[in-house]
Amino acid sequence: MFTLRAKAVDDVLELFDLLMVTNLMARAERQSKEEKLRRYPRMSKNAGKLARAVRVLLEMTETEPELSLQLVGDLIENTVTRAELQAAVATIDELVPQADPEFDSQRLEEMAGRFATVRVFLPAMMRHIDFGAVGDGLPVLKAMRELADLRAREIRRNADCQLAGSTSRS
């Protein structure tokens, strides 16, 4: 009996892992690749302009350290115009976001949306599978159990609200 239970638990966890990998991770990876492909042509074109300008700057400061900034600017402008450089910098800024708390919170919201796909399994998994942990894993396991309890209460509350709504209409 214990062997069958252990095998069933292993099967459930493998299925859950498969769901996580195929549904969540693969979708996120696919979206990331699509985004990179969409950005690549604009990124490479503008990065090339910036690289040419910086190359001139570096060469001039190495060969002629006393050269005036105005003359270096003129030499750069012979390679890439000021307007092209400004547009390239703006594009690179757009495509390569700087450390931005707002962007980080947006990424967290995306992850929370993906969690919705698997969160329905959490209460049942925590109720029927005896997970164990040691050391640093203990707080994670505790948080998983609390999250499962919260989710179970939310499900019960929603069911109670639906039941109350259907009886009041009768």
* Structure fact -> Taking a crude spin-label model, label points 7 Å out from Cα along the C-beta direction, the Leu19 to Arg127 distance in nm is 1.4 nm
* Mind listing the phi-derived Karplus ³J(HN,Hα) values for the stretch 47-63, rounded to whole Hz, using 6.51, -1.76 and 1.60 with θ = phi - 60°, and x for any glycine or proline? -> 5, x, 4, 5, 5, 4, 5, 5, 4, 4, 4, 5, 4, 5, 6, 7, 7
* Using a Förster distance of 41 Å, the FRET efficiency for Ala116-Leu50 (Cβ separation, nearest 0.05) -> 0.50
* Asked: For Ala90 and Glu59 in the same chain, what is the full-extension length gain: residue separation times 0.36 nm, less their Cα-Cα distance, in nm?
  -> 8.7 nm
* Within the set of other residues whose C-beta is less than 12 Å from the C-beta of Pro123, count the net charge using Lys and Arg as +1 and Asp and Glu as -1. => +3
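Values quoted throughout were computed directly from the atomic coordinates according to the rules given, and no laboratory measurement underlies them. Here the structure is a predicted model, which is why all the values come from computation and not from measurement. In this analysis, Cβ positions are derived from the backbone assuming ideal geometry, glycine residues included, and neighbour counts consider all displayed protein chains.
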